[in-house]
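The values are calculated or read from the model by the stated rules, or taken from the named source; none is laboratory data. Everything numeric here is computed off the predicted structure, so don't read it as measured data. Cβ: placed from backbone, ideal geometry, glycine included. Neighbour counts: every protein chain shown.
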Amino acid sequence: MKGNSPAQNARLFALVNAAMGDAGILAWEQKYIHNFWRPVVGIREADGSMGPVGTAATTIGSECDPAWLPLGAPASNSTRKNGTPAFPAYPSGHATFGAAALQVTRLFYCLDEGPSKGDSEFAELGIVSDELNGVTQDNRGTVRPKHTRRFEKGLWGMIEENGRSRVYLGVHWVFDAFIEKADHSMDLSRNIGGVPLGLAIAKDVMKASETAGWVSPVKPNPS
């Protein structure tokens, strides 16, 4: 980050890596405790007559769509098919990793922990993903366009949109990331999904670092 000393950057990178390491351990522990099906299975087998343990019936319920297909996690720089990750859905690892890394960054810069106003310091930060960078190819060999993305709520907006992103691909349910309120905003009062898990991980990592005597840097300069 511009404005950080080498020591401050080293500490930030260490915190992010520690948070993401814990995210991988804890999210995958929970995945195999809950063992919850992905949309491609849940939507196809929502009726009791469907699937390998289905029982005989004369009709298929309206909530079941045997022909439903997700867009799938996009295959990059290969000829593999887009697919659904071959492990349980809940909680979303994608949401857990993102929340842990981004929230520990927010705490590192002493930003407000709440979601109400976001992070104005990072609102103009432009991000280019590895998938939409004008170089990466899809599984048909077509180069994907380059797109620079900004988030009005800064790092907090990134946490929310990162959690939702896999839903649009059809490989996650919304609650794999967080519970929604009636207006579709995040309801973090309920400890459900990868985002609350990632936030808790970030808090624990930062607390451990403070106990070790690390000092927080000055206000961020993300330009």
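Taking into account only those residues within segment 124-155 that are in contact with a helix residue (DSSP H, G or I) (Cβ under 8 Å, 6 or more places away or on another chain) and part of a loop (DSSP other than H, G, I, E, B), which is surrounded by the most Cβ atoms within 10 Å (Cβ to Cβ)? Looking at residues that are in contact with a helix residue (DSSP H, G or I) (Cβ under 8 Å, 6 or more places away or on another chain) and part of a loop (DSSP other than H, G, I, E, B), I get PHE151. Identify all residues within segment 72-104 that are of a type in the set (S, T, N, Q) and either more than 15 Å from the chain's Cα centre (by Cα) or not in a helix (DSSP H, G or I) (or both); write none if there are none. Across segment 72-104, the qualifying residues are SER76, ASN77, SER78, THR79, ASN82, THR84, SER92.
Taken over segment 143-158, the criterion of being at pLDDT 95 or above and not basic (Lys, Arg) is satisfied by VAL143, PRO145, HIS147, THR148. Quick one: THR142 ticks every box in (1) free of Cβ contacts under 8 Å to residues at least 12 places away in the same chain; (2) of a type outside the set (A, V, I, L, M); (3) closer than 17 Å to PRO196 by Cα bar one, so which box is it? The number of the failed condition is (3). Selection of first residues in segment 25-38 that are under 10 Å from GLY93 (Cβ atoms) and of second residues that are hydrophobic (A, V, I, L, M, F, W, C) and assigned to a loop (DSSP other than H, G, I, E, B), restricted to Cβ pairs under 7 Å at least 6 apart or on distinct chains, gives the following pairs, ordered by first then second residue: LYS31/PHE87.
Screening ALA57, ALA7, ALA18, ALA46 for residues that are under 27 Å from LEU188 (Cβ atoms) and either among the hydrophobic types (A, V, I, L, M, F, W, C) or surrounded by fewer than 18 Cβ atoms within 10 Å (Cβ to Cβ) (or both) leaves exactly one candidate, ALA18.
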